[in-house]
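Presented below is the structure to which this report refers.
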């Protein structure tokens, strides 16, 4: 093979493999994940409907991935009733009712996304949205559980309308900048962690400092049970044990039951309860109720948080699965619609909005590529609706650890924020801090949007919302002309945290980069087996060019390095 023909050689490799396979008498179709005649008719229909073999997966892989997804997601059946149960104590909504609504709404969302979009995504009531439902709507606006459910229903209907009209993605890219989208996710994670620490008893209220450390005495057995569970689940997560959250919750529950910290379950199976299905109340939407503005604000916050979360998560997960088409999510409209339908159904039976679960990545890592894995998740959630006596007896202390650790998972978008660019750092920091400090998600979102808009207006009109980090534009204590301060000591003393101390002229850096690129290309060319002329003229000429380039790069690199020091 010649180096200059490498592209054509690579292109010819698949054809050569096909020819070799046909010569040996082994057809390529024989090694497909699902063989003809090897499965029953129903399995063949599933394979054809979800295009399992066509996407390079197998039925066994999809079923196993769906079960693993359910294991990583079903903690929501325990955590969601804890958060929603504290929304309105006067409503007397039972834990079993919320658990049933959580399971059924998750099953509906997974079923719709499986059949409509053929995507390996699991849906469940969103963490953070349930906290806003309880503390941002019920308690802040002083409305009942059923009146808050009307906000969920309206937000789901609005999301469905936007999805049908095809404007969901347009709204996401227009209203919020990229750094603010990431900051909202991080802020919700911090807020969840705060709630988890409160449930554990590690953080308690203080009249002097607002919050303080709780009782850490040995008599506080629940706190130490939570801390041991935290360590155990963290170790399992680091070891990449699938279902670590579920295993940790089960172990802590067994410890609580055996030590008398919590009452043991009285049963395992029961029929699903839908007591909250009759609580949906639209009375506050009456203009004369005095709560109309609160209902509109609550619905808008639920809508936009769900919208931004759905847009980001589906793009990221489908990218991990290798299912993006030209950089876009296929059937994205159907994915938005699935979450909207599940949200409306959940509001009717008594739970908060439904979104895509980040835990879907566990199944994708296992090889899920089709909606069959989502169909498996849907069936398992339906079965979970009949296990409410067992699940409702799980103590609150066992659910506090997942709240904190899920907050850790939601810190990942921090690395996507350019903290060296104050144009992005200030609104992001404001959003992340205002949410937990004011115990309100909508306060943080509004604060971030307003600050982002102010900085956009106050900056130059031709500046894009996302600015690239430029050390010469962000250093108020360093001359803007690019000339050096006379004393390098003063440069280090007066530099800001964002200072890079890079003063090399851009032309010098560009020339060095170009020379290095050319040098690498020449070295690569000589290393690919070019045959020199018999007289050695071409070889000696290349040697001279290599030596000249190496000397040039070395000398200019030393100059640029000296300018940086």
For this session: Name the one entry in 108, 98, 63 that is in a helix (DSSP H, G or I), modelled with pLDDT of 95 or more and more than 21 Å from the chain's Cα centre (by Cα).
Result: 108
Exercise. Residues in the range 310-324: is at least one without any contact (Cβ under 8 Å) to a residue 40 or more places away in the chain, within 30 Å of residue 56 (Cβ to Cβ) and not in a helix (DSSP H, G or I)?
Worked result: yes
For this session: Return yes when residue 211 is in the same structural domain as residue 400 (by TED's automatic domain parsing), over 20 Å from residue 82 (Cα atoms), more than 25 Å from the chain's Cα centre (by Cα) and in a strand (DSSP E or B) and no when it is not.
Result: yes
Seminar exercise, completed: By residue number, the members of the range 398-422 that are over 19 Å from the mean Cα position of the chain (by Cα) and surrounded by fewer than 23 Cβ atoms within 10 Å (Cβ to Cβ) are 419, 420, 421, 422
For this session: Report yes if residue 373 is crowded, with 24+ Cβ neighbours inside 10 Å, touching a helix residue (DSSP H, G or I) at 6+ places or on another chain (Cβ under 6 Å) and touching a residue at least 24 places away in the same chain (Cβ under 8 Å), otherwise no.
Result: yes
Problem set entry | Among (1) modelled with pLDDT under 90; (2) more than 23 Å from residue 347 (Cα to Cα); (3) surrounded by 18 or more Cβ atoms within 10 Å (Cβ to Cβ) - the single one residue 223 does not satisfy | (1)
Exercise. Can you name the residue in the range 325-363 that is over 16 Å from the mean Cα position of the chain (by Cα), part of a loop (DSSP other than H, G, I, E, B) and touching a residue at least 40 places away in the same chain (Cβ under 8 Å) and, of all such residues, is farthest from residue 64 (Cα to Cα)?
Worked result: 350
Problem set entry | Every pair of residues 6+ apart whose Cβ atoms lie under 9 Å, when the first sits in the range 268-288 and is assigned by TED's automatic domain parsing to the domain that holds residue 348 and assigned to a loop (DSSP other than H, G, I, E, B) while the second is modelled with pLDDT of 90 or more and loosely packed, with under 15 Cβ neighbours inside 10 Å | 286/292
Exercise. Residue 262 is checked against (1) surrounded by fewer than 19 Cβ atoms within 10 Å (Cβ to Cβ); (2) part of a loop (DSSP other than H, G, I, E, B) and fails just one. What number does that condition carry?
Worked result: (1)
For this session: Name the residue, out of 435, 383, that is touching a residue at least 24 places away in the same chain (Cβ under 8 Å) and assigned by TED's automatic domain parsing to the domain that holds residue 226.
Result: 435
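The values are calculated or read from the model by the stated rules, or taken from the named source; none is laboratory data. Everything quoted here is computed from the prediction, not taken from an experiment. With ideal geometry, Cβ positions are generated from the backbone for all residues, glycine too; neighbour counts draw on all protein chains shown.
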